[in-house]
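Report on one structure; see the data block that follows.
The values are calculated or read from the model by the stated rules, or taken from the named source; none is laboratory data. This is a predicted model, so every value here is computed, not measured. Cβ: placed from backbone, ideal geometry, glycine included. Neighbour counts: every protein chain shown. For accessibility, only protein heavy atoms count, side chains too; no ligands or nucleic acids. Shrake-Rupley method; radii C 1.70, N 1.55, O 1.52, S 1.80 Å.
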Amino acid sequence: MKESEARSEGYSTSQWIASVPPSRVWHVPSQGAVELSTIIELLPALAAQKLSSKGAPFADETWITTYGLAGLESALSLLQQVPSLAETVGAVAQRAHILEASEPGFDVSYSDPSIPFSVFLNISEGRFSSLRTTEALVHEAMHLQLSLIEQLVPIAKVDQGHHYSPWKRSKRPVSGLMHALYVFRVVDQWLTQLPKTSQETLDYAEKRHKEIGEDIEQLAPASFVDHLTVDGQRLLSRLLS
């Protein structure tokens, strides 16, 4: 983080990480219950190089204009159906970067707390494509939101320890566990509130409710609660209720 308090006004990923302007931007608006939009940003080489260690390649301009814009528009449209979440995601996911997935059924996304208003995701293909893209957008936006909150209200102590994460299938710092629990609880709530206007939506919601519930059941909160601050313990209690 470059400042103690990140500010979204005039923000771009390229300027934030490399002090250079974007190669190109596309404004993606969405009409609905709330004012919602994001900007797809094409990174110049210098900025893209700084993110090369993340692994997933960036989509090129042709792919963005052919598939990326429509895919993100569809995701924003789904978000509009849950206005309170749409407003939150729109405030945090100021810039979106389209990644290339290695195959149609495989999704990849990430965010970085040091890049405070940027999300990186592929546009899903195949079954549940729009719902999967929307979930990735929600997922990464909620990571960013919690990271911003943690700047003001720490949820984990300095000595965090490492504990089993059912999402990573390995031991992770307590802050990572809390991030995963928070993000997937929000996703679960979004799917609960999302109108079931099609069989596809109903099937996806049932599938993800089951998967998220099974993962959360594998958590052992008693093993890490002492590594949380008082505020972190309050958040944990709410997320498990």
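Report the Rg/Rh value for the chain, based on alpha-carbon coordinates and the Kirkwood definition of Rh.
Here the Rg-to-Rh quotient is 0.95.
Choose one answer from Arg169, Arg95, Arg24: the residue with the largest mean-square fluctuation in a GNM of the chain with alpha-carbon springs under 10 Å.
Arg169
With every protein chain kept in the model, how would you rank Glu125, Glu211, Glu9 by accessible area, 1.4 Å probe, largest at the top?
Largest accessible area first, the list is Glu9, Glu125, Glu211.
Quick one: of the DSSP bridges fully inside the range 1-131, what percent are antiparallel, nearest 5?
Expressed as a percentage, antiparallel bridges in the range 1-131 total about 60.
Over the chain, what relative contact order in percent results from Cα pairs under 8 Å that are six or more residues apart?
16 percent
Highest GNM mean-square fluctuation, the chain, Cα pairs closer than 10 Å: which of Ala93, Ala56, Ala33?
Residue with maximal mean-square fluctuation among Ala93, Ala56, Ala33: Ala33.
Name the shape class, rounded, prolate or oblate, that the alpha-carbon gyration tensor gives for the range 135-199, where a ≥ b ≥ c are the square roots of its eigenvalues, rounded holds for a/c under 1.5, and otherwise prolate holds if a/b is larger than b/c and oblate otherwise.
Note, shape of the range 135-199 comes out oblate.
Which aspartates and glutamates does Lys50 reach when only Cα atoms under 13 Å apart count, and residues fewer than 8 places away in its own chain are ignored?
Cα-Cα hits under 13 Å: Asp112.
Explain nothing, just the number: dipole magnitude of the chain about its Cα centre with +1 on each Lys and Arg Cβ and -1 on each Asp and Glu Cβ, in debye rounded to the nearest 20.
In debye, rounded to 20, the chain gives about 400.
Tell me what the chain gives for mean residue ellipticity at 222 nm when only DSSP H runs of n ≥ 4 count, each as -39,500 (n - 2.57), the sum divided by the residue total, rounded to 500 deg cm²/dmol.
It comes out at -14000 deg cm²/dmol, rounded to the nearest 500.
In whole angstrom, how far apart do the alpha carbon centroids of the range 106-137 and the range 177-241 sit?
18 Å
Kirkwood Rh and Cα-based Rg: tell me the resulting Rg over Rh for the range 69-182, rounded to two decimals.
So for the range 69-182, dividing Rg by the Kirkwood Rh gives 0.99.
Using the Cα centre of the range 1-136 as origin and beta-carbon charges of +1 (Lys, Arg) and -1 (Asp, Glu), tell me which of Pro29, Ala93, Thr13 is placed farthest towards the positive end of the dipole.
After comparing all options, I get Thr13.
Would you list, by chain and number, the lysines whose Cα falls below 29 Å from the Cα of Lys210, excluding same-chain residues fewer than 8 positions away?
List returned: Lys168, Lys171, Lys196.
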